[in-house]
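Here the structure is laid out as structure tokens; the discussion comes afterwards.
The values are calculated or read from the model by the stated rules, or taken from the named source; none is laboratory data. For clarity, every value in this text was computed on a predicted model and none was experimentally measured. FYI the Cβ positions are ideal-geometry reconstructions off the backbone, even for glycines, and counts take in every protein chain you see.
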Amino acid sequence: MKKVLIVNLEKCVGCRTCELICSLTHERRCNPAEARITVIKFEEKGQNIPMYCQQCETPVCEAVCPAKAIYRDSLTGAMLVDTKRCIGCRMCILACPIGGLSFHPTRKEIIKCDLCKGDPACVKYCPEGAFEVVSLDAIGVKRRRENIRKFSSYLDMMTGGKE
Amino acid sequence: MLKIVIDGKEAEVEEGLSVLELAEKIGVKIPTLCYHPAVGAYGACRVCIVEVIEKGLSKLTTSCTCPVESGIEVKTNSEKVKKTRKLIVEMLLARCPDAKIIQDLAKQLGVEKTRAPQKNENCILCGLCVRICREIIAVDAVGFANRGNKRKVTTPFEIQSDVCLGCGACAFVCPTGAIKIEDVEDKRKIDMWHTELGKVKCERCGRYFSPVPLLEQIKKKGLREMSDFLGLCPDCRRLVLANKLMGREE
Amino acid sequence: MDVQILEKVDRIINKYKKDKKALLSILQDAQDEYGYLPRDLLVHIREKLNVSLSQIYGVVTFYNAFSLMPRGRHLIMVCTGTTCHVRGAGKLLERAEKELRIKNGETTRDLRFSLETVRCLGCCSLAPVVRIDSDTYGRVKQSEFSKILSSHE
Amino acid sequence: MSKKIASLRELDELRKRGLKSLYPDKPRIMVGMATCGLATGGKKVFEILSKGIEKNGMDAKLVPTGCLGYCQKEPLVDLLRPGWPRIIYQQMDPEKAEKLLDNINQGNIWRENVLAKMEEDEFLIFDEKRKYPSGSKANLNNIPSYQQLPFYKKQLRIATRNCGFINPTNLAEYVARGGYYSLFKVLTQYEPEQVIEEVMNSGLRGRGGAGFPTGRKWIYSRQAKGDTKYVICNADEGDPGAYMDRSILEGDPHSILEGMIIGAYAIGAREGYIYVRAEYPLAIERLKEAIHQAQDYGFLGNDILGGRLSFSINISRGAGAFVCGEETALIASIEGRQGEPRPRPPFPAQSGLWGKPSNINNVETWANIPVIIARGADWFSQIGTQRSKGTKVFSVVGKINNTGLVEVPMGITLREIIYDIGGGIPGGKKFKAVQTGGPSGGCVPSWLLNLPVDYEQLTKVGSIMGSGGMIVIDEDTCVVDLARYFLSFLQDESCGKCTSCREGIVWMLEILTRITHGKGEEGDIELLEQIAEVVKNASLCGLGKTAPNSVLTTSLYFKDEYEAHIKDKQCPARVCRDLITYIINEEKCTGCMRCVKECVQEAIVGERRKPHRIIQEKCIKCGICYETCKFDAIKLE
């Protein structure tokens, strides 16, 4: 069953544990620059927003990739980069509207949220329990839509225009 | 499914694979320099050479170009293969003595020094840059020129190509690091291609983040209404989006 | 680039129905027309045929028959096929280089002669062989070289 | 009125016209006008004859023909007069041409420069011989018969059956000697499979080099899936030293076209290509004319022989690249790309030109097809050896008396070719070796002279049949230098794609160059052999796989010569410049000043009538003094 990572913004306190655990899981060291998730903080409002790949239903990254190196994982539904196929042209990075992909600073590789094979570390280790993985069944789609209703211009892309 | 023997072990594989792909699948390591999954087999570097025995006849062939056929036996490291591969690496080491990947390969195969005439090139003519640019990026900014001993990779007339996007895929796939990309503030320089391209400045933070033609190319793909974020660097895209989520325009 | 020349090249391209498959023939005909293949001409051919400049440049530098530089009024081809080699083509070539004061592959300053070698003219029974434009000379001796040259103004 | 031939009756009528043209009721003068004939002055002879005929108001027919193969004797002029045998004149020049005309005018037999008389003409296709009248009025007994000339005696001309006999620009003359009858036979009596069976049974193998069975190649193409298929003629005769294809292209282009049309029918192709070297301008011209004529007469086009087949042929000009003789490189070149070979499989029979099934055969192979169809596989397969059937055309050149093209049955020995046909080595020099197969071939040494020539035997001794070049070398040719020559040729001609071929050739060349410069080292021969083995085993295409053959054969058969260079710093053949000196023999030098004048280096000093002297420091060993000295006073040491 396809899955998505959903965040409850009310719960996020901006501790950046997710960034560190993400880096640790993928890179074996704690360096936020190597994380697949970035927390944007609005100090004055006391509001924090973790930004990460939304595993769009019709992803532009996949569409622009000339090497056909980006594909959807049939198990989790995450968009993955086949690093062997990748030719490093970075078109995916430039095409993604939400900055969901980046180039690893030293390893010369495209990095992005891969949903940790369906069991994301951020979900497990967030002290506030702000993250949640939901299956993309009818209820999941609805919750996802609610979650991202606010930025309607990107809505179609992420949900594939389907309810 | 096909049954074959590789290095003494039996293996069963689906049809349509090359010996190299099969070896990788089952964890047998065969060195190669000119193979890349995105463009497939080319057969130029000859390093992935293996011994294939079919109907009692043994021949040396490059594993990348050899289709797996039922009943064949593959030896990836027989004496004959080792001898041949060593001499080929000796040739490459003379051509590109400074390339780390060649040095490593030489060390791995026990080649201590080369007896072949030294050339001091950086490029081994694997053609990955040419093939990626032609077949994948589809702009064909660089190509092979001349032939024989004078063969080289270059831009037409050895001046800046008017179609290069500056995407840097050529440098990314280059096994020897012969193609170097230098990003200096608002310019991207690729010396190998006699090329210098302007970069796009992020509308928000002012950082130069993409060569101009590359971003134009993405615009041309016209996948969706992109104009409102394409002028932003990926970091600012996250910020701007977060702001929108907060319900406010910056 | 001279408009008249481009028109001529356009006629060649149209003769081959703007077919990019005919690239080699178009380049050959264009060179026959113009003597060599300057960059502007090749850029023009690219636009008309919609093939990449890399491909055109690759083809032009791969084959011996093409030249990116102006050639002389007369093209001297010294055959260096095996029979000609065995019968002294190397020495003949040296003589030609001395006589013309240019190296193999170069053109004299007055654009009178270009000197090239060719891998075999198929006149092995007459080795060593030299061809100047469309005239083929057999059993050429070093000492005869200046005489042969003088008949080509 | 349409010229198109649709029935056997019409073909017979065309043949009658052709016969009239071949055997007119007036003198027919034929001038060998292939490139080799032209190079020796055939063009001037033709012009003089043409002017003379016009000036004297003679009733004579002057025709250009292809090459009879006896290049040593060119320019050749043939005279056929009603009531006489055909007489072949050799080494003609403008003056002699005038004399010939005078004699014709006076009704005499001109007896100077006679090479031979031809008493009968053979129509191979019809298995027919046409006797010429004996010309009994005059005594021709002392003129040797063409068939009995040592040069021709052992020849059997199948692929070159018409070269030197017909005017290549006259289709009717081709038909007169049986041309296009095989096509007619095939289209009216054979299913495509039967054609392939016939070719298969004939045992014909590719004449371009590798010797792959032609019939089997055709089966693969026939069986390949797809509606669009191509037949291709490889006329990129790249081997330096081989020119039989040029001779057939220039002398009998229709034989190639007919072969291709039959092949197209057998395989199921509607379009064909002839890839021909740009270095052969005359061949291209002849082909263009021939294609045009064949279209006019309905042998090519949409309704061949009354609508039995649709087939057209395009000419693709090569642009000077030896590697384009390789099938996949040739295809790339026709497609307008660099001639870079690609790995096989897939083979061209499955995926060739534009990705469609394509069948490629070379010129000589195609020219054999009409004869095989006409005379049958049984007849053809009786010629030759167990596994190599038919004949092969060789260009016998180099240090040999009778240079020329010879077509002989497979299995003939090297000795017969070099001594019986070729007349041995000139100047009393010693025969050393024969180089066969071009840059991909090897050197066969003198002690293997009794080797029967066929695909297997040549491969066994380390060489190859190749396209049929046979370069005879004598004691004055250095085999190390020859091997070096081939590698320097291949260094430029390799496409440069694969490491082993590109870098391996450069490496071997570096070693050989060092050896010829007297800087060879102990162990060089072993290292050469080691590299050669890898280049042979690891390279991508035929060019690379065969590139080391010249090194391997010369180092095997002439090891002592290599060692003389390496250990003694001597070149036994006195070729390698750094190992020789030119010296003037003062006893023989007459002081004529010729060498002094010719030496561009000003390395020779001396006064008139006094022995000259060479200043060794200035001498670049160009050899011009040696070449110009009339008194044999310059020695090589």
**Selection count, the stretch C:14-39, where residues are more than 19 Å from B:ASP140 (Cβ to Cβ), among the charged types (D, E, K, R) and either at pLDDT 95 or above or surrounded by fewer than 19 Cβ atoms within 10 Å (Cβ to Cβ) (or both)** = 4
**Asked** Restricting attention to the stretch D:586-637, which residues are away from every other protein chain (no Cβ under 14 Å) and under 38 Å from the mean Cα position of the chain (by Cα)?
**Response** D:PHE631, D:ASP632, D:ALA633, D:LYS635, D:GLU637
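Of everything in the stretch D:353-389 that's assigned to a helix (DSSP H, G or I) and among the charged types (D, E, K, R), which residue is surrounded by the fewest Cβ atoms within 10 Å (Cβ to Cβ)? Write out each step before concluding.
Of the residues in the stretch D:353-389, the ones assigned to a helix (DSSP H, G or I) are D:353-355, D:363-381.
Restricting the remaining residues to those that are among the charged types (D, E, K, R) gives D:364, D:375, D:378.
Values: D:GLU364: 31, D:ARG375: 20, D:ASP378: 10.
Filtering first and then ranking leaves D:ASP378.
Conditions (1) in a loop (DSSP other than H, G, I, E, B); (2) within 14 Å of another protein chain (Cβ to nearest Cβ); (3) in contact with an Asp or Glu (Cβ under 8 Å, 6 or more places away or on another chain); (4) of a type in the set (Lys, Arg), marked per residue:
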{"residue": "D:ILE248", "(1), (2), (3), (4)": "no, yes, yes, no"}
{"residue": "D:LEU257", "(1), (2), (3), (4)": "no, no, no, no"}
{"residue": "D:ALA269", "(1), (2), (3), (4)": "yes, no, no, no"}
{"residue": "D:GLU279", "(1), (2), (3), (4)": "yes, yes, no, no"}
{"residue": "D:ASN302", "(1), (2), (3), (4)": "no, no, no, no"}
**Asked** For A:THR159, which of the numbered conditions (1) modelled with pLDDT under 90; (2) more than 10 Å from chain B (Cβ to nearest Cβ); (3) touching a strand residue (DSSP E or B) at 6+ places or on another chain (Cβ under 8 Å); (4) surrounded by 17 or more Cβ atoms within 10 Å (Cβ to Cβ) fails to hold?
**Response** (3)
**Message:** Please pick out the residue among D:ALA235, D:ALA242, D:ALA159, D:ALA172 that is touching a residue at least 24 places away in the same chain (Cβ under 8 Å) and either out of contact with any strand residue (DSSP E or B) (no Cβ under 8 Å at 6 or more places or on another chain) or surrounded by fewer than 24 Cβ atoms within 10 Å (Cβ to Cβ) (or both).
**Reply:** D:ALA172
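This table checks each residue for (1) surrounded by 21 or more Cβ atoms within 10 Å (Cβ to Cβ); (2) among the β-branched types (Val, Ile, Thr).
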site: D:SER247; (1), (2): yes, no
site: D:GLY251; (1), (2): yes, no
site: D:ILE267; (1), (2): yes, yes
site: D:ARG286; (1), (2): yes, no
site: D:ASP296; (1), (2): no, no
site: D:ALA321; (1), (2): yes, no
**Request:** Please tell me if D:LYS429 is of a type in the set (Lys, Arg), outside the structural domain of D:ILE531 (by TED's automatic domain parsing) and closer than 25 Å to D:GLU74 by Cβ.
**Result:** yes
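Every residue, every condition in (1) surrounded by 14 or more Cβ atoms within 10 Å (Cβ to Cβ); (2) within 12 Å of another protein chain (Cβ to nearest Cβ); (3) acidic (Asp, Glu), yes or no:
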position	(1), (2), (3)
B:PHE157	yes, yes, no
B:VAL163	yes, yes, no
B:GLY168	yes, yes, no
B:ILE181	yes, yes, no
B:MET192	yes, no, no
B:THR195	yes, no, no
B:VAL200	yes, yes, no
B:GLY206	no, no, no
B:VAL212	yes, yes, no
**Message:** Restricting to the stretch B:124-141, count the residues that are within 14 Å of chain D (Cβ to nearest Cβ), under 27 Å from B:MET91 (Cα atoms) and either part of a helix (DSSP H, G or I) or touching a Cys at 6+ places or on another chain (Cβ under 7 Å) (or both).
**Reply:** 6
**Message:** Filter the stretch D:211-246 down to the residues that are away from every other protein chain (no Cβ under 14 Å), in a loop (DSSP other than H, G, I, E, B) and aromatic (Phe, Trp, Tyr) and list them by number.
**Reply:** D:PHE212
**Request:** With the checklist (1) of a type outside the set (Phe, Trp, Tyr); (2) in contact with a Ser or Thr (Cβ under 8 Å, 6 or more places away or on another chain); (3) within 14 Å of chain A (Cβ to nearest Cβ) in hand, flag the one item B:HIS36 doesn't pass.
**Result:** (2)
**Message:** Considering only the stretch A:108-117, I want to know if a residue exists there that is out of contact with any Lys or Arg (no Cβ under 8 Å at 6 or more places or on another chain) and more than 12 Å from every other protein chain (Cβ to nearest Cβ).
**Reply:** yes
**Complete:** Scanning the stretch C:105-153 residue by residue, those surrounded by 14 or more Cβ atoms within 10 Å (Cβ to Cβ) and away from every other protein chain (no Cβ under 11 Å) turn out to be C:GLU106, C:THR107, C:THR108, C:ARG112, C:PHE113, C:SER114, C:LEU115, C:PRO128, C:ILE132, C:ILE148, C:LEU149, C:HIS152
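Do the conditions hold for D:PHE394, that is, is it away from chain C (no Cβ under 13 Å) and modelled with pLDDT of 95 or more?
Details: away from chain C (no Cβ under 13 Å): no; modelled with pLDDT of 95 or more: yes.
When the stated conditions are applied, D:PHE394 does not pass them.
Here is a yes/no grid of residues against (1) buried (at least 24 other Cβ atoms within 10 Å of the Cβ); (2) within 14 Å of chain B (Cβ to nearest Cβ); (3) at pLDDT 95 or above:
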residue	(1), (2), (3)
D:PHE431	no, no, yes
D:PRO439	yes, yes, no
D:GLY462	no, no, no
D:VAL479	yes, no, yes
D:CYS501	yes, yes, yes
D:LEU509	no, yes, yes
**Prompt:** Is there any pair linking a residue in the stretch A:75-101 that is at the interface with chain B (Cβ under 8 Å from one of its Cβ atoms) to one that is β-branched (Val, Ile, Thr) and in a loop (DSSP other than H, G, I, E, B), with Cβ under 9 Å and at least six apart or on different chains, and which?
**Reply:** A:ILE87/B:VAL39; A:ILE87/B:ILE137; A:CYS89/B:ILE137; A:MET91/B:ILE137
**Complete:** (1) in the same structural domain as C:VAL118 (by TED's automatic domain parsing); (2) among the β-branched types (Val, Ile, Thr); (3) in a loop (DSSP other than H, G, I, E, B) all hold for C:VAL51 apart from (1)
**Meets criteria (surrounded by fewer than 19 Cβ atoms within 10 Å (Cβ to Cβ), of a type in the set (A, V, I, L, M, F, W, C) and outside any loop (DSSP other than H, G, I, E, B)) for B:ALA11** = yes
**Request:** Return the pairs, sorted by first residue and then second, in which the second residue is of a type in the set (Asp, Glu) and in a loop (DSSP other than H, G, I, E, B), the first residue lies in the stretch D:328-349 and is more than 16 Å from C:PHE66 (Cβ to Cβ) and away from chain C (no Cβ under 12 Å), the beta carbons are less than 7 Å apart, and the residues are 6+ apart or on different chains.
**Result:** D:PRO341/D:GLU326
**Asked** Residue check, D:VAL596 against (1) assigned to a helix (DSSP H, G or I); (2) in contact with a helix residue (DSSP H, G or I) (Cβ under 8 Å, 6 or more places away or on another chain); (3) of a type in the set (A, V, I, L, M, F, W, C), all met but one. Which one?
**Response** (2)
